1. R0 = 41 Å: FRET efficiency of A:Asn576 with A:Ser8, Cβ-based, nearest 0.05?
2. Please list, or write none, the lysines whose alpha carbon is within less than 28 Å of the alpha carbon of A:Lys250, excluding same-chain residues fewer than 8 places away.
3. Please work out the FRET efficiency for the pair B:Leu102 and B:Met71, using the Cβ-Cβ distance as r and a Förster radius of 30 Å; give the result to the nearest 0.05.
4. Helix-derived [θ] at 222 nm for chain B: sum -39500 (n - 2.57) over DSSP H runs of at least 4, divide by residue count, nearest 500?
5. Let me have the relative contact order for chain B, percent, based on Cα pairs under 8 Å that are six or more residues apart.
6. What does the net charge come to around A:Gln336 if you take all other residues with beta carbon closer than 12 Å to its beta carbon, with K and R at +1 and D and E at -1?
7. If you build the Cα gyration tensor of the protein assembly as shown and take the root of 5 times each eigenvalue, what three semi-axes come out, in whole angstrom, biggest first?
8. Report the Cα centroid-to-centroid distance between the range A:614-664 and the range A:391-453 in angstrom, as an integer.
Amino acid sequence: MDHPVSISIVRYIVVLPLIGAAINFLAGAWLQKTFGKRIISVLGCGVVALAFLLAVREFFAMLALAPDSRFMLDSLWPWIHYGGLDIDIAFWLDPLSMVMTLVVTGVGGLIHIYSTGYMHEDESYWRFFGWLNLFTFAMLVLVLGDNLWLMFVGWEGVGLCSFALIGFWYKVYPNTTAGNKAFIVNRIGDLAFVIALYSLFAALGAVGHPTLVTREVAKYAPMLAGMPGYLGMTMVTFVTLMMFAGATGKSAQIPLYVWLPDAMAGPTPVSALIHAATMVTAGVYMVARMNFMFVMAPATMTVVAVVGGLTALFAATIGIAQNDIKKVLAYSTVSQLGYMFAGLGVGAFTAGVFHLMTHAFFKACLFLGAGSVIHSMGGEQDMRKMGGLRHHMPITFATFLAATLAISGVPPFAGFMSKDEIIWQAFAHGHTVVWGMLMVGAGITVFYMFRQVYMTFFGDFRGTHEQEHHLHESPPSIAYVLVVLGLLSVFGGLVKIPDFIATFKPFETFLEPVFSSPLTRQVVESGIHSRGTEAALGFVTFTMVVLGWLVADLMYRQKTIDPERFSAAFGGVPYNWVLNKYFVDEFYDFTVVRPYLAMTRALAWFDLHVIDGVVNLVATVTVLVAWLSGLFDSYVVDGLVNAASLVTLDVGGRLRKLQTGSINGYLYGILAAVMVILLVRAMLRV
Amino acid sequence: MSGAVGLDHYLVLSLIIFTLGMFTVLTRRNAIGILMGVELILNSANINYLAFAYYGGARYDGQIFAIFVIMLAAAEAVIGLAVVLAIYQNFRTIDVGATENLSG
């Protein structure tokens with residue numbers, strides 16, 4: 001590990017999407033007009049596909065290395081060398097970033113291809129692909145940066161692309177405000193992340209190793225043990241908490257999750273790529289990347305686990321009552337990200353990253369399926385107006401169902417392998433409360449997902465006749481992508497099978513070198529190791545899954561229970577709260593947004609009246625003084641000058657009469673003067 | 001008074017020539033006549049220089065100054081004649097009375 005393998009191919013993985021973005025932004029409009037949209041499609045998808053192929057090639061190159069030396073470094077050029085801070089533009093490929101790179105370019109590439117069908121009618125086709133490519137580039141920088149600053153550059157880059165793509169249809173006002181909301185809420189988290197980086201750098205400097213290069217931070221972080229930090233915490237706890245605060249922004253955890261549901265204003269491929277499969281997992285990736293520090297701060301680990309568990313449960317309950325097909329998936333994403341954090345927090349790093357990967361498969365599939373439905377419904381997103389679509393869209397239905405089974409955790413689908421592992425690990429590491437939340441959350445997940453499936457694909461069609469006439473299966477570019485993702489949702493989890501079924505886990509073995517610091521090993525290994533207990537608890541979870549499905553089935557397929565009467569049984573109050581998302585947006589509006597706006601208004605008033613008043617007063621005084629100065633100038637100064645010239649003129653006028661022009665006259669004058677001088681001298685001498 | 005020629009003789013000669021020159025300059029109305037008077041005045045000064053140099057202690061100073069004066073006189077004559085020519089071209093006369101037109 002001290003001597004990473006030096007290679008120079010990672011840069012091409014990163015740069016290819018950037019080239020695509022550059023061409024699209026600089027010449028896209030012209031290309032589209034001249035050669036049609038096809039060339040934009042080829043360019044936009046081609047660069048990502050190429051990057052994916054390179055990543056696959058590197059993956060096999062990595063497998064050929066010994067597990068302990070699977071670290072590849074591609075150093076481009078020195079970036080910041082100042083005051084002990086040595087940062088290069090360098091890319092660091094290890095098993096963890098390898099997994100992320102494959103997900104970003106692989107799933108991302110599929111979504112690019114999907115977009116060629118989904119966005120085909122849009123006139124800003126080139127702009128869309130420009131931003132998608134730029135996003136892919138930024139995400140790869142985030143994932144592959146060998147130091148935390150470069151990671152932060154990517155972190156901000158994906159935030160920018162997210163903002164731009166949420167507001168892609170900017171002519172509709174709510175879309176732009178949704179983009180603003182995402183951007184502003186993310187700023188809060190980003191600030192915490194920057195504070196974490198500065199504090200970490202300062203602390204490492206205090207022990208004589210100022211660095212932000214991730215592998216060196218890993219080497220020196222143990223020296224920070226016991227160092228006092230800020231706010232009464234130890235340094236490690238403070239730094240990791242701040243990092244996690246950054247992650248709650250980017251990865252939509254309590255309390256900063258509110259932007260993600262609104263982000264659904266963007267085109268559906270964007271929701272799939274950025275707000276489900278890749279960008280929102282950046283926080284998970286970051287925590288996993290910094291695992292060696294998080295394990296040094298048990299308090300932070302507990303916070304991560306509890307926040308993750310709470311988010312998983314909380315967001316799942318909101319998902320129950322949503323009627324917008326994408327909003328359900330948005331809250332589902334928030335919930336599933338909660339699972340990932342819960343996994344990381346209890347010390348099951350591999351399980352968290354594993355769920356990140358499988359989630360990318362099935363959630364992308366779900367979102368793209370939803371996009372296919374919306375496409376077919378002519379832009380309609382309200383599930384209450386759908387129904388019976390399985391007859392019209394068999395491929396979409398089949399893949400959507402596969403992904404639903406995956407997210408529900410039905411064996412042997414991908415979600416089962418990863419989610420069950422997280423839930424079990426929470427219990428095994430003694431976080432019983434978190435375990436309870438995750439398990440209940442799992443049941444609710446199944447409920448809202450099957451509610452969605454039944455409302456959308458079963459029953460009778462509830463939309464207009466015109467919409468029904470228009471229903472159709474989506475074009476091949478959409479359908480094939482759905483099939484690939486559906487297959488991944490089914491089989492993608494087979495790389496790590498729970499211990500109580502079989503001992504087959506190449507995924508865990510592959511990632512092991514990343515989670516190999518002594519303390520991480522200790523945390524990971526701690527807890528219960530009992531296949532019997534694991535199997536029993538797996539059965540309990542599965543019971544929850546079946547229960548969730550059963551309730552959904554009774555309510556929305558067989559309709560033997562009327563959901564409205566069910567909610568009325570509790571007086572409608574819980575339903576009302578869930579429907580309105582627990583009034584969290586209203587709460588934030590009341591506690592943060594309104595006071596903030598009031599403050600800005602007060603400041604604006606202050607600016608307008610006090611500061612501007614002072615400025616205007618100064619201006620008035622200046623004008624007055626200038627006027628007085630002008631008077632002085634034109635009367636006193638100019639008067640003196642004019643007087644001097646007048647006197648000169650007058651004297652000159654008198655003297656010129658001496659100039660007679662008679663040479664003899666002058667000579668007499670000279671003679672007379674000489675004589676007078678001589679006379680005076682003679683008299684004075686005597 | 002002995003027969004030897006002394007400093008006084010030279011000074012008297014110089015004075016006579018200076019007076020003649022001054023008289024010429026003051027009374028002539030012909031511009032060239034005035035220039036001639038000026039030459040006389042300059043040469044009277046030269047005689048003084050040489051006389052003092054010969055009878056005084058300084059051996060070469062007076063002679064060098066005399067050479068300077070001759071040079072100066074030559075330059076002065078050139079410029080003076082040029083002025084006279086210019087006057088002639090303007091007024092068709094070299095009577096200095098004509099230049100009274102130039103009065104201030």
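1. Numbers: r = 59 Å, r/R0 = 1.45.
Calculated transfer efficiency: 0.10.
2. A:Lys171, A:Lys181, A:Lys219, A:Lys326, A:Lys327, A:Lys363, A:Lys419, A:Lys496, A:Lys581
3. 0.55
4. Numbers: 3 runs with 77 residues, N = 104.
Dividing the helical sum by the residues of chain B leaves -26500 deg cm²/dmol.
5. Reported as a whole number, the value is 26 percent.
6. Result for the local shell: +2.
7. Three semi-axes, in Å: 103, 33, 28.
8. So the two Cα centres are separated by 95 Å.
The values are calculated or read from the model by the stated rules, or taken from the named source; none is laboratory data. Worth saying up front: this structure is predicted, and the values here are computed from it rather than measured. Please note: Cβ atoms are built from the backbone with ideal geometry, for glycine as well, and neighbour counts cover all protein chains shown. We work out accessible area using only protein heavy atoms, side chains counted, and drop any ligands, DNA or RNA first. Shrake-Rupley method; radii C 1.70, N 1.55, O 1.52, S 1.80 Å.
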